[in-house]
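All remarks here apply to the structure that follows.
The values are calculated or read from the model by the stated rules, or taken from the named source; none is laboratory data. Predicted model only: the values in this text are computed from it and were never measured. Every residue, glycine among them, receives a Cβ derived from its backbone with ideal geometry; neighbour counts consider all protein chains shown.
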Amino acid sequence: MYDDLGLVSLSPSTPNTGAGIATLNPIPEIPPGDIDLIAPLGTVDAGEAGIRVSGNVNVAALRMVNTENIQVQGKSLGIPTIAAVNVEALTNASATAAQAASAAQDAMARDWASVRQNQSSILSVRMLGAGAQTDRTGNRKPVPARCSATTRRHRCGWLGR
C-alpha cells in the first residue's frame, strides 16, 4: 500500500489470488523487464495465472511448481525444462516393435510347419468285417473251429448273412 507521502508498506491481509507475475513491454522504447524470484527455503508457484517475462528471469527456489505456465522472451535460469515428447520417435519405435513382433510370429509359424511335416503319424485301424464270407463259388465259408455260434459275431468278426 502507498500512503500520502508515497511510502510503501505491506498489508497483512493480502489475497492469495491474483493475475500472476508479469513484466510487459508495451512501449518499444522501454527496455524489457527482468525478474529475479528468490525463495531459498520455499516454493515458487507459477499458478494458473503464470509468470510472463519480457526480458530475463532468474529463479532460486527449493521447489518449483506449475513451471509450464512460465513464459520468457529472454534467458531463463533456474527453471526446470520440460522435456518435449518426440512423437515421430515414438511412432517409429512403435512401428519397429510391430515389425519385430510380426517377424517373430512368421518365424514361429515356419518352425511349427517344419515340425508338423517331420512329425510321424499314428493311425489306429479297427476292422469291422473282412468282406463277404463266401468262397468263389458263392457257398458259405465254414466257421473256424475256435469260434462258437454264440461268439462268432463278436470275436471272429463274422457278421453272418
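Restricting attention to the range 39-50, does a residue exist that is under 24 Å from the mean Cα position of the chain (by Cα), of a type outside the set (Asp, Glu), at pLDDT 85 or above and surrounded by 10 or more Cβ atoms within 10 Å (Cβ to Cβ)?
No: zero hits.
When both residues are 6+ apart or on different chains and their Cβ atoms are under 8 Å apart, which pairs have a first residue that lies in the range 29-44 and is in a strand (DSSP E or B), and a second that is exposed (fewer than 11 other Cβ atoms within 10 Å of the Cβ) and of a type outside the set (Phe, Trp, Tyr)?
Ala39/Leu62; Pro40/Leu62; Leu41/Leu62; Gly42/Leu62; Gly42/Arg63; Thr43/Leu62; Thr43/Arg63; Val44/Arg63
Across the range 63-101, which residue is modelled with the highest pLDDT among those that are within 16 Å of Asp36 (Cβ to Cβ), touching a Gly at 6+ places or on another chain (Cβ under 9 Å) and not in a loop (DSSP other than H, G, I, E, B)?
Ranking the qualifying residues of the range 63-101, first place goes to Val72.
Here is a check on your reading of the model: is Gly55 outside any strand (DSSP E or B) and at pLDDT 90 or above? It would help to see each step written out before you state the result.
Values: outside any strand (DSSP E or B): yes; at pLDDT 90 or above: yes.
When the stated conditions are applied, Gly55 passes them.
Can we say Trp112 is within 43 Å of the chain's Cα centre (by Cα), of a type in the set (Phe, Trp, Tyr) and either surrounded by 10 or more Cβ atoms within 10 Å (Cβ to Cβ) or at pLDDT 75 or above (or both)?
yes
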